[in-house]
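J.: This is the structure, below, for whatever I ask next.
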Amino acid sequence: MLRLEARQKTPAWLNLTLPLVAIAVTLILCSGLILMAGAGVLDAYGVMFKASLGDSYAITETLVRAAPMIFTGLAVTLAFRAKFWNIGAEGQLLAGAMASCFVGAIPMPGPLAMLLMAVAGAAAGAAVALIPALLRVRLKVDDVVSSLLLNSVVFYILMALIEGPWKDPFSGYPISPPIEDSANLPVLIEGTRLHLGVLVAVLAAPLVWLLMARTVLGFRIRVTGENPEAARYGGIDVQRVIVVAALLSGALAGLAGVGEVGGVHFQVMSDISPGYGYSGIVIAMLARLNPLGVVPVAIFLAAVMTGAEAMSRATGVPAFLSDVIQGTALLAMLVALLFTAYRVRRSA
Amino acid sequence: MSAVLEQVFQVGFLAAIIRIGTPLAFATLGEMFSERAGVLNLGIEGIMLLAAMAGFTGAYFSGSLWIGVLAAIAVGALMGALHALFTVVLGLSQHVCGIGVTLFASGLAYFLYRLVFGQQSVPPSIKGFEPVPIPVLSDIPILGPAVFNQFTLVYMAILAVPIAAFILYRTPWGLSVRMVGENPRAADSAGVSVVSTRFQAVVLGGSLMGLAGAFLVMAQFNAFTFGVVSGRGWVAIALVVFGRWDPWRSAGAALLFAFVDALQLRLQAAGLGHIPYEAFLMLPFVLTIVAMAFMSRNAVAPSALLKPFRREER
């Protein structure tokens with residue numbers, strides 16, 4: 001008989017290999033779908049890889065796509081570390097997008113506009129995340145459901161704005177007017193869409209890591225998440241830490257929206273986020289809640305999304321394969337995580 | 001105001017409430033069973049979508065709507081089983097698994113739909129269910145044509161509410177479900193298998209979510225589109241909380257939201273949209289969050305919700 005036995009400690013090599021194993025399992029499982037679509041597995045994955053990481057332009061496109069996912073991945077990582085279950089990164093991203101679009105439409109010098117857009121977007125995201133955090137610490141309301149439901153609330157606020165007072169009079173579609181040209185985030189490499197926000201996203205990861213690993217606040221967040229009783233006993237104001245973690249998490253998710261408005265779309269529309277907030281959960285889990293791991297995982301998922309469209313054109317496999325890969329990767333990773341807590345033993 | 005009232009007291013309006021409320025009632029009852037057993041199922045949004053896809057495809061190719069309905073129920077149950085495998089058998093965190101199931105199931109639904117039907121300028125449609133008038137009852141003025149001249153699935157939803165209440169409150173299995181949702185440790189001591197009871201409840205819930213998906217593609221839209229579910233699963237999550245995890249109240253909440261939604265559609269159609277329609281659609285979410293704040297002191301939620309049960313851990 002085989003049985004599961006609780007581990008005392010997780011070996012270091014497992015931490016690194018588990019995400020790779022989960023991704024490998026995912027790609028193997030999803031190859032069944034490629035075969036169903038009548039294409040060659042290596043063909044399809046090959047096109048996907050080439051179109052997303054095969055040349056320098058493709059790499060910049062993948063990085064542009066990865067930027068919001070790095071932010072939401074970091075947002076979820078930080079929140080989950082404090083065991084504040086923020087499922088609301090999607091809504092916080094939308095709030096950040098709206099706030100930055102509002103600020104970006106005001107004429108002012110470019111650098112000031114960009115700075116204020118970032119501040120406004122982060123503040124808006126933080127404000128949305130504050131609601132479930134306060135409800136939890138003050139009234140013991142479950143944060144999973146309240147943060148999830150707020151996604152829909154923020155989405156409908158966005159819809160009401162772009163179909164109402166914000167509707168661009170020059171366009172028949174429900175989209176906001178564009179932000180000022182001077183507020184567009186500068187492009188880093190001529191001829192690509194690689195904008196300043198991507199660099200900020202990549203730099204944000206080590207900053208969040210530093211915060212978590214090397215500061216008192218980070219220590220408090222980790223202890224609060226791992227053992228709230230001990231934290232309380234050690235004189236940490238657990239409720240305060242949860243609120244601070246929620247604010248930081250919401251701000252990071254809000255910045256994802258800022259980057260999309262300032263660097264990619266330059267306006268707000270209903271489909272400005274194809275679920276980047278939910279992708280953040282996938283990324284955070286695959287990264288094992290390590291901020292440094294968020295960047296490669298986000299780039300991987302972004303590559304899958306960017307490559308899927310080219311794969312669809314070349315092989316006829318529907319591009320929705322990328323959505324299946326995201327979901328499967330999350331589930332595979334969750335199962336893989338069992339092996340960090342348990343090991344399989346032969347019992348007598 | 002009188003123009004508003006004029007819109008409300010019409011057979012068509014009452015019928016619209018019933019039709020909008022039906023899929024919500026199925027989905028809400030499904031989520032309720034799952035949560036009463038202690039398992040939050042955030043997979044609902046994706047499960048409804050995949051079941052809708054399966055139902056539509058089944059009906060399209062078999063030519064029988066009921067085969068479509070069965071396909072949707074089967075897929076709903078299967079996805080419920082998947083969620084239960086992760087959260088109940090393996091004891092993984094419910095909210096993260098639920099998001100995983102939703103991402104997986106909705107991705108799969110879109111993928112398979114595109115694979116089967118390709119990219120068509122006009123999406124394929126089916127001839128949906130016809131209303132089946134109930135003799136005598138459908139002759140009652142106003143109420144008759146609105147409530148008793150409906151699809152069979154509507155009657156099933158109406159019957160599902162008392163049946164769900166009976167199962168939950170009056171059967172041994174229902175008692176087990178409530179026990180494993182409130183105090184799994186005690187249930188285990190009393191000889192109730194926590195794992196199998198929870199598993200069954202989540203699968204039952206999944207099949208009800210499947211019925212909700214079936215209604216959308218076979219009675220409401222008669223086609224599968226990418227926005228066919230569009231947040232109705234999240235609405236159901238809210239309604240379960242708003243309905244305090246009770247079948248009657250949850251179904252009532254579904255009806256209430258259906259009323260708001262139908263009203264919003266009417267006002268828009270009548271050109272009376274001073275208030276943006278999004279304000280109405282936002283209502284169930286806002287009201288639920290407010291309700292959660294008020295309810296928190298009375299602890300009405302199942303106590304073991306979101307808590308995995310591992311027998312060997314104390």
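J.: What is the dipole size for chain A, taken about its Cα centre, with +1 at each Lys and Arg Cβ and -1 at each Asp and Glu Cβ, in debye to the nearest 20? Intermediate results must be reported in sequence, preceding the final value.
T.: Details: 22 positive and 19 negative charges, 348 e Å.
My answer is approximately 1680 debye.
J.: Further question: Gap in Å between the Cα centre of the range A:253-299 and the Cα centre of the range B:26-97?
T.: Distance between centres, Cα-based: 28 Å.
J.: Let me ask something additional. Once each part is reduced to its C-alpha centroid, what is the distance from the range A:170-210 to the range A:51-86 in angstrom?
T.: The range A:170-210 and the range A:51-86 have Cα centres spaced 14 Å from each other.
J.: Calculate log10 I(q)/I(0) of the protein assembly as shown for q = 0.08, 0.12 Å⁻¹, where I(q) comes from the Debye formula with a single equal point scatterer on each Cα and nothing for solvent.
T.: With one equal scatterer per Cα and no solvent, log10 I(q)/I(0) is -0.60, -1.42.
J.: Taking θ as phi - 60°, what are the ³J(HN,Hα) couplings along the range A:92-98 by the Karplus curve (6.51, -1.76, 1.60), each to the nearest whole Hz, with x for Gly and Pro?
T.: 5, 4, 4, 4, x, 5, 4
J.: Also, I was wondering about something else. Count, for each residue of A:212-222, the Cβ atoms from other chains sitting within 10 Å of its Cβ, then give me the mean as a whole number. Let's see the in-between values first.
T.: Numbers: counts 0, 0, 0, 0, 0, 0, 0, 0, 0, 0, 0.
If you average over the peptide's residues, the count of other-chain Cβ atoms is 0.
J.: What list of ³J(HN,Hα) couplings, whole Hz, do you get for the range A:49-58 from phi and the Karplus terms 6.51, -1.76, 1.60, once you set θ to phi - 60° and write x for glycine and proline?
T.: 5, 4, 6, 10, 9, x, 9, 5, 5, 4
J.: Suppose R0 equals 25 Å. What FRET efficiency, 1/(1 + (r/R0)^6) with r the Cβ-Cβ distance, do B:Thr152 and B:Gln268 give to the nearest 0.05? Intermediate values should be presented prior to the final figure.
T.: Numbers: r = 29 Å, r/R0 = 1.18.
Calculated transfer efficiency: 0.25.
J.: Another question, if that's okay. Give the order of B:Lys127, A:Lys167 when sorted by the count of other beta carbons within 10 angstrom, beginning with the fewest. Don't skip to the end; give the middle numbers.
T.: On the way: B:Lys127 10, A:Lys167 16.
Taking fewest neighbouring Cβ atoms as first place, the list is B:Lys127, A:Lys167.
J.: Size of the range B:229-295 along its principal axes in angstrom, Cα-based, largest extent first?
T.: 37, 21, 19
J.: What ranking of B:Tyr277, A:Tyr278, A:Tyr342 emerges when the number of other C-beta atoms within 10 Å of each C-beta is taken as an exposure proxy, fewest first?
T.: Values: B:Tyr277 19, A:Tyr278 25, A:Tyr342 14.
By the 10 Å Cβ count, ascending: A:Tyr342, B:Tyr277, A:Tyr278.
J.: Ok, one more. Obtain the nm distance between the two label points defined at A:Phe170 and B:Val89 by a simple spin-label model: each point lies 7 Å from its Cα along the Cα-to-C-beta direction.
T.: 5.8 nm
J.: Helix B:11-36 versus the longest principal axis of chain B: what angle, 0 to 90°, nearest 10, using Cα atoms?
T.: 10 degrees
J.: What Rg and what Dmax come out for chain B when only alpha-carbon atoms are used, in angstroms?
T.: When restricted to Cα atoms, chain B yields Rg and Dmax of 19.7, 64 Å.
J.: How large, in Å, is the range A:160-220 by the Kirkwood hydrodynamic radius built from its alpha-carbon pairs?
T.: On the way: mean 1/r = 0.0663 Å⁻¹.
When all Cα pairs of the range A:160-220 are included, the Kirkwood radius is 15.1 Å.
J.: Further question: Determine which aspartates and glutamates satisfy two conditions relative to A:Lys140: a Cα distance under 20 Å, and not lying fewer than 8 residues away in the same chain.
T.: A:Glu226, A:Glu229, A:Asp237, B:Glu35, B:Glu182
J.: Once each part is reduced to its C-alpha centroid, what is the distance from the range B:156-223 to the range A:87-146 in angstrom?
T.: Measuring centre to centre over Cα atoms gives 38 Å.
J.: Return P(r) of the range A:51-143 (all Cα-Cα pairs; 10 Å bins starting at 0; whole %; ordered from short to long distances).
T.: 16, 34, 30, 17, 3, 0
J.: Please report the orientation-averaged projected area of the range B:187-314, defined via the convex hull of its C-alpha atoms, in nm². Before the final figure, lay out each step's value.
T.: Values: hull surface 43.4 nm².
Mean shadow area of the hull around the Cα atoms is 10.9 nm².
J.: What ranking of A:Tyr156, A:Tyr276 emerges when the number of other C-beta atoms within 10 Å of each C-beta is taken as an exposure proxy, fewest first?
T.: Numbers: A:Tyr156 21, A:Tyr276 29.
The fewest-first ordering by Cβ neighbours comes to A:Tyr156, A:Tyr276.
J.: Assuming R0 = 41 Å, what is the FRET efficiency of B:Ile163 and A:Leu16, from their Cβ-Cβ distance, to the nearest 0.05?
T.: Values: r = 51 Å, r/R0 = 1.25.
Step by step, r from the Cβ atoms, then E = 0.20.
J.: So, one more: Enter the mean number of other protein chain beta carbons within 10 Å of the beta carbon of each residue in B:277-288, as an integer. The partial results should precede the final answer.
T.: Numbers: counts 5, 11, 3, 1, 6, 9, 2, 3, 10, 5, 1, 5.
Mean partner shielding for this stretch: 5.
J.: Could you work out how far helix B:232-242 tilts from the main Cα principal axis of chain B, as a 0 to 90 degree angle to the nearest 10?
T.: Tilt of helix B:232-242: around 60 degrees.
Coordinate-derived values only; no laboratory data. Keep in mind it's a predicted model, so treat the numbers as computed, not measured. Quick reminder, even Gly has a Cβ in these numbers, built from the backbone with ideal geometry, and neighbours come from all protein chains shown.
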